1. Regarding the range 106-116, can at least one residue be identified that is loosely packed, with under 14 Cβ neighbours inside 10 Å and either touching a strand residue (DSSP E or B) at 6+ places or on another chain (Cβ under 8 Å) or more than 17 Å from residue 73 (Cα to Cα) (or both)?
2. Among the residues of the range 169-195, how many are outside any loop (DSSP other than H, G, I, E, B) and closer than 20 Å to residue 212 by Cβ?
3. Here is a check on your reading of the model: is residue 28 farther than 30 Å from residue 104 by Cα, surrounded by 10 or more Cβ atoms within 10 Å (Cβ to Cβ), at pLDDT 75 or above and not assigned by TED's automatic domain parsing to the domain that holds residue 196?
4. Restricting the first residue to the range 210-224 and requiring it to be at pLDDT below 80, which pairs with a second residue that is of a type in the set (Asp, Glu) and assigned to a strand (DSSP E or B) meet a Cβ separation below 8 Å and a spacing of at least six or different chains?
5. So for the range 145-157 (the condition being closer than 30 Å to residue 67 by Cβ, surrounded by 13 or more Cβ atoms within 10 Å (Cβ to Cβ), more than 18 Å from the chain's Cα centre (by Cα) and of a type in the set (Lys, Arg)), does at least one residue qualify?
6. For residue 186, state whether it is modelled with pLDDT of 85 or more and among the hydrophobic types (A, V, I, L, M, F, W, C).
7. List, please: which pairs have Cβ atoms under 8 Å, are six or more places apart or on different chains, and start with a residue in the range 141-168 that is free of Cβ contacts under 8 Å to residues at least 40 places away in the same chain and more than 16 Å from residue 211 (Cβ to Cβ) and end with one that is surrounded by 18 or more Cβ atoms within 10 Å (Cβ to Cβ) and among the β-branched types (Val, Ile, Thr)?
8. Just to be sure before I move on: is residue 177 among the acidic types (Asp, Glu) and within 30 Å of residue 195 (Cα to Cα) in the structure I sent?
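The values are calculated or read from the model by the stated rules, or taken from the named source; none is laboratory data. Everything quoted here is computed from the prediction, not taken from an experiment. Please note: Cβ atoms are built from the backbone with ideal geometry, for glycine as well, and neighbour counts cover all protein chains shown.
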Amino acid sequence: MPPPPMAESGDSFPLPPSTSPPNDTKPLLLIRRRRRRCVLFSCLSFFLLLLLLATIAVILFFTLLRPRDPRIQLVSSTVSGVAPRLTFPALSISLNLTIALDILVYNPNRASFSHSHGSTRLFYRSVHVGDADVLPGRIPARGSTHVAVALTIDGSRLAAEAGKLISDAMAGEVSFDAETRIPGRVKLLGFIRHHALALSECHVDVGFPDLKVRRQECSQKTKL
């Protein structure tokens, strides 16, 4: 078989076909780019929406939904019982008194305030001389309720302060301090529970021997 003819110098070789994409693939590339842009835009919009909702939730919590202090106010106080008696020649004094307090508890929250058993303690010159229980209950949102407390003075606890008590009685006025504690919780949005402890300290001056309340002052101390 004869050998193939050799190409002479100057002869041109055929070029390989072009590898550039055909014109019909360009629309597909544009569509993919647009889809990517739409996905990125959607993700960015969703993220900004979540950020906006979180900001609104924080603002609402610290303005409208933030748990606030239940407030305690002493409406009135009365004294009943037997007037203090002084005995001679051994100077001594006996007491059979009950101090009744009408306490108003106000709930400023936008959710109900449920409180458990509370307590009121009575003091004479920092000496614990009486106790009373506060029954559990529920106060509606932005509502209030009256709590009646009856404190009976335990005369046996006054033995150490008999001299000061006699001096105050002879001066015509005996002062007492009452501390009320009401623990409870506020339930927000149906599932957020926040515990609170409402404290109130009241000072009551009782006249002697008429047993009339001459002055009463209260201060609010609520701990969240």
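1. Taking the range 106-116 as the starting set, the residues that turn out to be loosely packed, with under 14 Cβ neighbours inside 10 Å are 116.
Okay, now just the ones that are also either touching a strand residue (DSSP E or B) at 6+ places or on another chain (Cβ under 8 Å) or more than 17 Å from residue 73 (Cα to Cα) (or both), so 116.
Yes, the range 106-116 contains a residue that is loosely packed, with under 14 Cβ neighbours inside 10 Å and either touching a strand residue (DSSP E or B) at 6+ places or on another chain (Cβ under 8 Å) or more than 17 Å from residue 73 (Cα to Cα) (or both).
2. Pass one, the range 169-195, residues outside any loop (DSSP other than H, G, I, E, B): 169-171, 173-188, 192-195.
Those left that are additionally closer than 20 Å to residue 212 by Cβ: 169-171, 173-178.
Number satisfying all stated conditions: 9.
3. On the way: farther than 30 Å from residue 104 by Cα: yes; surrounded by 10 or more Cβ atoms within 10 Å (Cβ to Cβ): yes; at pLDDT 75 or above: no; not assigned by TED's automatic domain parsing to the domain that holds residue 196: yes.
Judged against the criteria, residue 28 is not a match.
4. 221/201
5. Taking every residue of the range 145-157 in turn, none turns out to be closer than 30 Å to residue 67 by Cβ, surrounded by 13 or more Cβ atoms within 10 Å (Cβ to Cβ), more than 18 Å from the chain's Cα centre (by Cα) and of a type in the set (Lys, Arg).
6. Numbers: modelled with pLDDT of 85 or more: no; among the hydrophobic types (A, V, I, L, M, F, W, C): yes.
No; evaluated as a whole, the condition is false for this residue.
7. Here the result reads 154/129; 157/129, each pair linking the range 141-168 to a residue that is surrounded by 18 or more Cβ atoms within 10 Å (Cβ to Cβ) and among the β-branched types (Val, Ile, Thr).
8. Details: among the acidic types (Asp, Glu): yes; within 30 Å of residue 195 (Cα to Cα): yes.
Answer is yes for this residue.
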